[in-house]
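Input: a single structure, listed below in structure tokens.
The values are calculated or read from the model by the stated rules, or taken from the named source; none is laboratory data. Just so you know, these numbers come straight off a predicted model, no measurement behind them. Please note: Cβ atoms are built from the backbone with ideal geometry, for glycine as well, and neighbour counts cover all protein chains shown. With ligands, DNA and RNA removed, areas are computed over all heavy atoms of the protein, side chains included. Shrake-Rupley method; radii C 1.70, N 1.55, O 1.52, S 1.80 Å.
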Amino acid sequence: QVQLVESGGGLVQPGGSLRLSCVVSGFELEHMVIGWFRQAPGKEREGVLCSRNSEDTIYYSSSIKGRFTVSRDNAKNTVYLQMNSLKPEDTAVYYCTADTECLRTGGYVWGQGIQVTVSS
């Protein structure tokens with residue numbers, strides 16, 4: 001059974017950093033792409049990025065590139081989203097998704113979501 005579990009969210013001050021983890025089970029991580037999406041209250045869900053590995057990443061927003069990076073630990077079946085230089089507008093519920101290809105609309109399997117709040 002395929003399952004994704006996010007962790008590592010919380011409250012951080014503007015300019016700070018946070019690392020989200022996405023632990024996957026039920027499939028081989030090496031054969032899947034992991035997408036990240038977010039949704040703020042009152043706003044549409046938007047894609048953040050999608051990656052098969054740390055060297056092959058699609059950034060869905062120019063504001064993300066240079067601030068957010070992806071890494072993988074295949075032995076632990078975990079994908080990490082490192083978020084730096086966080087801004088208040090980054091506040092949202094973040095989701096990781098798994099699929100066979102990167103799509104702006106999302107993935108086949110979704111995690112439960114985790115809150116990230118950027119505020120002073």
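For a straight C-alpha distance cut-off of 28 angstrom, the lysines reachable from residue 76 (same-chain residues fewer than eight places away being disregarded) are 65.
Mean-square fluctuations from a GNM of the chain, with a 10 angstrom spring cutoff on Cα atoms, peak among 16, 107, 35 at 16. To put it simply, the accessible area of the chain at a 1.4 Å probe is 46 percent carbon and sulfur.
Other residues within the sphere of radius under 13 Å centred on the Cβ of residue 2, judged by their own Cβ, net out at -2 (K and R +1, D and E -1). Using a simple spin-label model with pseudo-atoms 7 Å out from Cα toward Cβ, residue 75 and residue 115 lie 3.5 nm apart. In the chain, Cα pairs under 8 Å separated by at least six residues give a relative contact order of 36 percent. Taken per residue, the accessible surface of the chain reaches 53 Å², heavy atoms only and a 1.4 Å probe. Measuring from centroid to centroid over Cα atoms, what is the spacing of the range 1-26 and the range 45-92 in Å? That distance is 11 Å.
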